[in-house]
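The values are calculated or read from the model by the stated rules, or taken from the named source; none is laboratory data. Predicted, not measured: the structure shown is a model, and the values here were computed from it. Note: ideal-geometry Cβ built from the backbone for every residue, glycine included; neighbour counts use all protein chains shown.
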Amino acid sequence: MDEPSATGHQAGDTGDDDARASVMSVIETRGLTKRYRGGQLAVDGLDLTVPAGSVFGFLGPNGSGKTTTIRMLMGLIEPTSGTARVLGRPMPRSTRTVLPQVGALIEGPALYGFLSGRDNLLRYDAADPTADPRTRRTRVAAALDRVGLTAAAGKKARAYSLGMKQRLGLAAALLQPRRLLVLDEPTNGLDPQGMREIRSLVRELASDGTTVFLSSHLLDEIEQVCTHAAVMAQGRLVTQGAVADLAAGARGRLVVTTPDTGDAARVLKEQGVADVVITEDRVTGEPPEGELADLNSALVTAGVRVRGFGVERASLEDAFVALTGEGFDVAG
Ligand SMILES: Nc1ncnc2c1ncn2[C@@H]1O[C@H](COP(=O)(O)OP(=O)(O)O)[C@@H](O)[C@H]1O
Ligand SMILES: [Mg+2]
C-alpha cells in the first residue's frame, strides 16, 4: 500500500509555518463556540489540542457537544465564534486541502442498502475527486480486508448487522492513506466483541502513525485504547491531556481487605479517612494526605488483621467525578 512520506509532509506542503504546526498538533481549537439557531449553546469556548500521533479520546456524556465539535472541525458547520485548525490549516476555510487527508466517520455511515458493501465503497471512492480510479478496486479490496469484511463484501448493505455497517463506514475512511482519522462514536451500538474489534483496528492504525481522534460516551472504552483524552461536559472542556496524567490527577480509593471490617472502618475514620464504605471483606475510603504506612500501622496496632492494603489506580471516571462532582452518564 502507498504510504505518505515518513515526515508526514504532503506534496502540497512547502514547509511553511502551517505545515510545521500540523506536525506538532493535528487539531487545535481556540475559543471554539457553537450556538445553534434555536439558542442552544452546544460548544462553549473550547481550547482543544490533539498531538500528532496520538489516539485521542473525545469524551463526554450524550449532549455534551462532541458531534457539534467534530462537525465544526470537518467544516460541515460554521462556528459561532473561535477558531479551529486541522493539520495546521484553518477550518472551514481549508476544507478542500484538509479533508482529502482526513478519514471521517460521523454519526454512523450513510450507506445505500440496495448496494453491496463493496459497491458502496466503490461508489464512495468515485465521489472523491482526489481518489485515483486506476487503483480503486485494489484500494477497496484492501480496506474491506482491513476491517474484516472480505467475506461479506458481496452482500447487500441492508443485510449487514450494525457492527458490519460501522466497519464498512470505517473501511470508507480507510480507502486512502490518511494523516488523521476522525471517528464519532465508532463503537456505538456494538456488542463487546464488535467493540474489541474496533479497538484493535484503532491500535493498528495508530501504530502506522495515523493520528486517531475518536469520540465516545464510554469512559472505560477510551481508557483501554487512547493515549490522550479530553473530557466534555455541557459544551465545556473539563480537562485534557495524557490519559495516564488525567487519571493520576485524581487519587484512587484506599482499599483495606480484612475480616475485621467494622474495626477497620472505625480506625480509618479516626485516622482522617473520609467516605468510608464497607463491602464484604473490603473497607474503602478517600486516602488522606500524608504517609499511608502510618495508616497501616494504626490498623495493625488496633488489632485489625490486614490481608491487603493499598490505593487503587484512579480511573478516568474517578477523575471525571473529582472534576465535575457528577457521575459520568454511562447509560447515555
Ligand atoms: N442541529 C441542532 N440544532 C439545535 N441544537 C442541536 C443541534 N444538534 C445538536 N444540538 C444540541 O446541542 C447539544 C450538543 O449536541 P451534540 O453535539 O450532538 O452532543 P454529543 O455528540 O456530545 O451527544 C445538545 O444539547 C443537542 O441537543
Ligand atoms: Mg454525538
### Sole residue being among the hydrophobic types (A, V, I, L, M, F, W, C), in a helix (DSSP H, G or I), more than 16 Å from the chain's Cα centre (by Cα) and away from ligand 2 (no atom under 16 Å from the Cβ), chosen from ALA248, ALA206, ALA244
ALA248
### Task
Could you tell me which numbered condition ASP184 fails, if it satisfies all but one of (1) within 14 Å of ligand 1 (Cβ to nearest atom); (2) touching a Pro at 6+ places or on another chain (Cβ under 8 Å)?
(2)
### Task
Please indicate, with yes or no, whether at least one residue in region 20-42 is aliphatic (A, V, I, L, M), near ligand 1 (Cβ under 9 Å from one of its atoms), touching a Lys or Arg at 6+ places or on another chain (Cβ under 6 Å) and outside any strand (DSSP E or B).
no
#### Entry: Pair list, Cβ < 7 Å and 6+ apart or interchain, from region 44-73 residues that are in contact (Cβ under 8 Å) with a residue 24 or more places away in the chain and under 20 Å from ARG93 (Cα atoms) to residues that are within 9 Å of ligand 1 (Cβ to nearest atom) and among the aliphatic types (A, V, I, L, M)
THR68/ALA42; THR68/VAL43; THR69/VAL43; ARG71/ILE77
### Query
Is it fair to say VAL231 is within 19 Å of ASN62 (Cα to Cα), surrounded by fewer than 21 Cβ atoms within 10 Å (Cβ to Cβ), within 16 Å of ligand 1 (Cβ to nearest atom) and not aromatic (Phe, Trp, Tyr)?
no
### Task
Have a look at THR138, THR211, THR187 and point out the one that is closer than 22 Å to THR67 by Cα, among the β-branched types (Val, Ile, Thr) and modelled with pLDDT of 95 or more.
THR211
### Query
Can you find even one residue in region 270-287 that is farther than 30 Å from THR49 by Cβ, part of a helix (DSSP H, G or I), without any contact (Cβ under 8 Å) to a residue 60 or more places away in the chain and not hydrophobic (A, V, I, L, M, F, W, C)?
yes
### Task
Report whether or not ASN62 is part of a helix (DSSP H, G or I) and not hydroxyl-bearing (Ser, Thr, Tyr).
no
### Task
Might you check whether a residue that is assigned to a helix (DSSP H, G or I), within 30 Å of ALA230 (Cα to Cα) and out of contact with any His (no Cβ under 8 Å at 6 or more places or on another chain) occurs anywhere in region 106-125?
no
